[in-house]
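Remarks on the structure that follows.
The values are calculated or read from the model by the stated rules, or taken from the named source; none is laboratory data. Because the structure is predicted, anything quoted here is derived from the model rather than measured. Note that each Cβ is placed from the backbone with ideal geometry, even for glycine, and that neighbours are counted across all protein chains shown. Ligands, DNA and RNA are excluded from the accessible area calculation, which covers all protein heavy atoms including side chains. Shrake-Rupley method; radii C 1.70, N 1.55, O 1.52, S 1.80 Å.
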Amino acid sequence: MLDAVVVGAGPAGLSAALSLGRMRRRCLLADPPVEAGRTPAGRRMHGYPTRDGVLVEDFRSLALGELSGYPGIEVRGSGVGAVAPLDDGFQVTLADRSTVRSRRLLLATGLLDRLPPLVGVEAVWGRGVFSCPYCHAWELRGLPLAVLGGAVGSVRLAVHLRRFSDDVVLLTEGSTDASEEAEDLLSRFRIRVDPAEVTRVAPAPGGGVEVRLRGACPLLLGGLFVPQWSVQGSALPEALGCAISAQGRVRVNQFGHTSVAGVYAAGDMAKMAGAEHVARSVAGAVAAGAQAGFGIDQDLLLTEAAPAAPATAVRAEGAR
Ligand SMILES: Cc1cc2nc3c(=O)[nH]c(=O)nc-3n(C[C@H](O)[C@H](O)[C@H](O)COP(=O)(O)OP(=O)(O)OC[C@H]3O[C@@H](n4cnc5c(N)ncnc54)[C@H](O)[C@@H]3O)c2cc1C
């Protein structure tokens, strides 16, 4: 019987596996061979100390290299398909049809992004089309930028970007927010408004993004910022019965414990009550993964020291 199965080898799962490996725990870290997480290969991650601007795949190889020094950690290039509760843990079935039994389960399966329905957007997502200025604005400083949408949230994002560029245009596609706040911000921060419909986005020759507009000349931009929302990256939290917040995040306590005994969650997919709107980042996912690793280790220690004690001493609010 393993101590834990860590599902997902993004920043949260890699960090949790490292914590558990260092505690001499026996764990399986499982992730499908084709990375389906929020930071697919070929894109750079910014803002993580010592690795600012690292390629996603290099971050992952470095972390896997470190894990290879801990004999208790096995990494398997296979997704987790199903989990069945047992009296003393879980039976985990992987996509390669192998099964393992484990005392604890850590979900670190991330989120999947949903993008506005622009033709060509998937190919430039994370390259010329972005949503987070904290992750990407610095690299685009001095370049022409655009924000898609006419709502006041888009206007505020355009204001945010004015610190990085004198040339920021709001692409409203005809739906302008007529509120006093929006009009005031647009004029004070000298943000141009273009109401033309966006018909396609594509990689621009030499970098950035080309935005085609109906009835107008295409725009060559350093970056287009778009509204984006996210859904759970796997069906496992719901299948296991984990409590999920109104914002679609798995509810956890400070140790990553969900509402289901023995099931932990960390990274983008999980949030403590009241922290749902905290910005998602590699640093945040690494921190949450480490905490969940410590939480699982403590939980197991308590069980080992007092076998009759409840399996989980710490649970998320609303735990059964
Ligand atoms: C375009 C873009 C750019 C970004 N740039 C930055 C940046 O520059 N700096 C920054 O700090 N943050 C950035 N972020 C945010 C950052 O990528 C996330 O906060 C971070 O990746 C979250 O880590 P995670 O481990 O929670 O999830 P993820 O990185 O999404 O990893 C989840 C993992 O779970 C795996 N998985 C899913 N289902 C299963 C299953 N059933 N079985 C096994 N494995 C499974 C996936 O394959 C994936 O590897 C960016 C996000 C996007 C979308």
Legend entry - the stretch 116-225 shape via C-alpha gyration tensor axes, a/c threshold 1.5: oblate
Legend entry - Stretch gain in nm, segment A287-E66, where the contour uses 0.36 nm per residue and the Cα spacing is subtracted: 77.9 nm
Inset, instruction - Taking 7 Å along the Cα-to-C-beta vector as the label spot, tell me the E74-E183 distance in nanometres, rounded to one decimal. - result: 6.7 nm
Legend entry - Cut-off 14 Å between beta-carbons: net charge of the residues surrounding L67, Lys and Arg +1, Asp and Glu -1: +3
Legend entry - Accessible area expressed per residue, the chain, with surrounding protein chains retained (probe 1.4 Å, Å²): 48 Å²
Inset, instruction - Estimate the FRET efficiency between L86 and E197 by the formula 1/(1 + (r/R0)^6), using the beta-carbon distance for r and 51 Å for R0, to the nearest 0.05. - result: 0.40
Inset, instruction - Evaluate the distance, in nm, between pseudo-label points positioned 7 Å from the Cα of R156 and of S98 along their respective Cα→Cβ axes. - result: 4.8 nm
Legend entry - Candidates H257, H160, H46, ranked by Gaussian network fluctuation over the chain, Cα under 10 Å, top entry: H160
Legend entry - With every protein chain in place, the chain: carbon and sulfur % of accessible area (1.4 Å): 55 percent
Legend entry - Around P195: net Lys/Arg minus Asp/Glu count, Cβ-Cβ under 13 Å: -2
Inset, instruction - Run the numbers on the stretch 116-225 and let me know its relative contact order in percent, using alpha-carbon pairs under 8 Å that are six or more apart. - result: 32 percent
Legend entry - Residue-span extension gain [D58 to L143] - 0.36 nm each, minus C-alpha spacing: 27.9 nm
Legend entry - For the chain, share of DSSP beta bridges that run antiparallel, in % to the nearest 5: 45 percent
